[in-house]
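Asks: Supplied in structure tokens, the structure appears directly below.
Each reported figure results from applying straightforward, stated rules to the coordinates on display, with no laboratory input. This is a predicted model, so every value here is computed, not measured. Every residue, glycine as well, gets a Cβ built from its backbone with ideal geometry; the counts of neighbours run over all protein chains shown.
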Amino acid sequence: EPEVTQTPSHQVTQMGQEVILRCVPISNHLYFYWYRQILGQKVEFLVSFYNNEISEKSEIFDDQFSVERPDGSNFTLKIRSTKLEDSAMYFCASRAWGEQYFGPGTRLTVT
Amino acid sequence: AQSVSQHNHHVILSEAASLELGCNYSYGGTVNLFWYVQYPGQHLQLLLKYFSGDPLVKGIKGFEAEFIKSKFSFNLRKPSVQWSDTAEYFCAVDLTGGGNKLTFGTGTQLKVEL
């Protein structure tokens, strides 16, 4: 069964550094998403992406965040200058027929 | 503001007990409704979904949920839980009805004791 994959599974970075989280959505899906879950809190929507552009973003998704689909398979989330409060689990999802399929997540730890 | 609420944050049950987890949303328009499960150390997996039609939907692993439009609710049920059902359960709602972002509830941590 096809699945969404994410790399790395865990990333540790220092405050102020740039990080890129990578996702490979399911191949025939056209809608892509990033969510995050801060420890002990709910899963929060960050951004949705369709047809090579952002279709919706939350208030969390400020200028420090960007997304890109650099080729036909990868979907990336970049945080330009990480802050302590960016520490969270980041989930990628892709959608078909109204159903979102989630990847295993990347745990980002900012020190 | 549009929101999703799950009333039970931690539930502890014995094996074979019945389960009902509440989920309510605040939105008057068309919604798609989902329950996801997250087993320890694993990613979110879809248990079941409701888009339209029969308000009683059946999902995987013996779970079912009932959409009650008048109560803005989508409660998850299982008649007899197993130890392997220990996990965190998330209700999620597509408030736009158009398949875009999901709004999640806070999650319910279920522990099933032998």
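Asks: Regarding chain B, what is the average projected area of its C-alpha convex hull, in nm²? Kindly include the intermediate steps, with their values, before the conclusion.
Replies: Working: hull surface 27.2 nm².
In nm², the orientation-averaged hull projection of chain B is 6.8.
Asks: Taking every alpha carbon pair in the stretch B:1-63, what does the distance histogram look like in 5 angstrom bins from 0, in percent?
Replies: Spelled out per bin, shortest first, that is 4, 12, 20, 27, 22, 11, 5, 1.
Asks: Which number gives the lysine pairs in the stretch B:3-113 that have C-alpha atoms under 20 Å apart and are eight or more places apart or on different chains?
Replies: 12
Asks: Calculate how large, on average over all directions, the projected area of the Cα convex hull of the protein assembly as shown is; give the answer in nm² to one decimal. Display every interim value, and only then the final one.
Replies: Numbers: hull surface 50.2 nm².
The directionally averaged projection comes out at 12.6 nm².
Asks: How charged is the neighbourhood of B:TRP35? Take every other residue with its Cβ under 14 Å from the Cβ of B:TRP35, and add Lys/Arg as +1 and Asp/Glu as -1.
Replies: Values: positive: B:LYS49, B:LYS58, B:LYS61, B:ARG77, B:LYS78; negative: A:GLU99, B:GLU20, B:GLU64, B:GLU66, B:ASP85, B:GLU88, B:ASP94.
Net charge around B:TRP35: -2.
Asks: All other residues with a Cβ under 12 Å from the Cβ of A:THR111 taken together, and with Lys, Arg as +1 and Asp, Glu as -1, what is their net charge?
Replies: Overall, the nearby charge balance is 0.
Asks: Spelling out what I want: for every residue of the stretch A:60-69, take phi, set θ = phi - 60°, compute 6.51 cos²θ - 1.76 cosθ + 1.60 (Karplus), and round to whole Hz; glycine and proline get x.
Replies: Computed from phi, the couplings for the stretch A:60-69 are 5, 7, 8, 5, 6, 9, 8, 10, 7, 10 Hz.
Asks: When 1/r is averaged over all different Cα pairs and the result inverted, which Kirkwood radius in Å belongs to chain A? Please report the intermediate quantities before stating the final value.
Replies: Values: mean 1/r = 0.0720 Å⁻¹.
It works out to 13.9 Å.
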